[in-house]
Amino acid sequence: MGTGDEEREDGGLARRERDILALERRGFSGPGVKERVIREELGLAPVRYYQLLNALLDDPRALAHDPVTVNRLRRIRETRRTER
């Protein structure tokens, strides 16, 4: 999924991918806080961040790296899809 120029850990996830999952493990205090952190810490537009995150949720390497976070986010995504 990565761009090819990012550091990979044992052929697994690229640093940016690991950083995205780490950010998802954090709690945020209010609206807009998470988006600001996405811009400041990852240097990404929120739309791009969510595109990358969504792709990560389908990546078996992400599941192996952080199964708790990935499974939680998969459940949330599925719930939102069924509500539409």
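In the stretch 14-31, which residue that is more than 20 Å from R77 (Cα to Cα) and at pLDDT below 95 is least open to solvent (accessible area, probe 1.4 Å)? That would be G30.
Within the stretch 44-66, the set of residues being farther than 17 Å from R77 by Cα, of a type in the set (A, V, I, L, M) and not in a loop (DSSP other than H, G, I, E, B) comprises A64 only.
The values are calculated or read from the model by the stated rules, or taken from the named source; none is laboratory data. Keep in mind the model is a prediction, meaning the values are calculated, not measured. To get the accessible areas, we keep the full protein, side chains included, count just its heavy atoms, and leave off ligands, DNA and RNA. Shrake-Rupley method; radii C 1.70, N 1.55, O 1.52, S 1.80 Å.
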